[in-house]
Amino acid sequence: MGIKLFTESLPSSIEKKKAMKAIVQKFNAAVKEAKESGKAMEMGKIEFDKFNFISFNMRFWGETFVARPLMMLIGGIVMGVIASSFGVGGGFMFMPFMTTLVGYPMYLAVPIALAGTFATSTGAIAKYALMGYQPDWIMAALIAAGAMCGGMVGPKIQKKLPEIFLKRMLALALIIVFMKYTKLLVFLR
């Protein structure tokens, strides 16, 4: 996933995705206009056309995307198993999955990934608690407080950074995690 995500940030891949870039620019212009007119919440709603479990159209900020619920469900199960097995939220897997395989732009994928990560974490905490493994709730509360602060700052920073930079940083993080778990990085063993 990390290598695929990095190759998508290369200039040759970006040229192929000019249509997506135009959508992002249109989105940013629409957000700015909606905020100025006070209609941001109305325009930010997701509207569905003819729900079908395999695929359907989803409108968000005036653009239409193809949604594939079955693919998202299967991907969520696989990533949930991996995330809860390693004790991670799973967001680092959800983002490349949605931007690379599903084809969503970052501004649509981020809130979906955050909701998926929340669900994965909640499910894993419940299962571990039922199995008798109680977390240190004080440490968990501190991590949660830090994550909430980061969650408030992150979207503001994301707006100021180019999507290419964000994809490359995520790709680098995925590659480092892969290298750590496969023990290819000697200094992280």
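Key figures
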item: Using alpha carbons only: equivalent-ellipsoid semi-axes of segment 91-189, gyration tensor based, whole Å; result: 25, 20, 15
item: The chain: most fluctuating residue of 76, 90, 146 per GNM, C-alpha cutoff 10 Å; result: 146
item: Axial C-alpha extent at least 15 Å, average Kyte-Doolittle at least 1.0 - helices from the chain (DSSP); result: 69-86, 106-130, 163-181
item: Relative contact order (%) - criterion: Cα under 8 Å, at least six apart; region: segment 49-172; result: 15 percent
item: Rounded to the nearest 10 Å², the accessible area of residue 178 at probe 1.4 Å; result: 120 Å²
item: Segment 151-189 residues near the modelled residue 29 label - backbone nitrogen below 20 Å, point 7 Å along Cα→Cβ; result: 159-160, 162-163
item: Among 121, 84, 12, residue whose mean-square fluctuation peaks in a GNM of the chain (springs only between Cα atoms under 10 Å); result: 12
item: Whole-number accessible area per residue in Å² for the chain, which is evaluated in the context of all protein chains at 1.4 Å; result: 67 Å²
item: Tensor-based shape of segment 69-111 (alpha-carbon gyration tensor, a/c under 1.5 rounded, otherwise prolate or oblate); result: oblate
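The values are calculated or read from the model by the stated rules, or taken from the named source; none is laboratory data. Here the structure is a predicted model, which means the values were calculated and not measured. Every residue, glycine as well, gets a Cβ built from its backbone with ideal geometry; the counts of neighbours run over all protein chains shown. Each accessible area value is taken on the protein alone, full model and side chains, heavy atoms only, with ligands, DNA and RNA left out. Shrake-Rupley method; radii C 1.70, N 1.55, O 1.52, S 1.80 Å.
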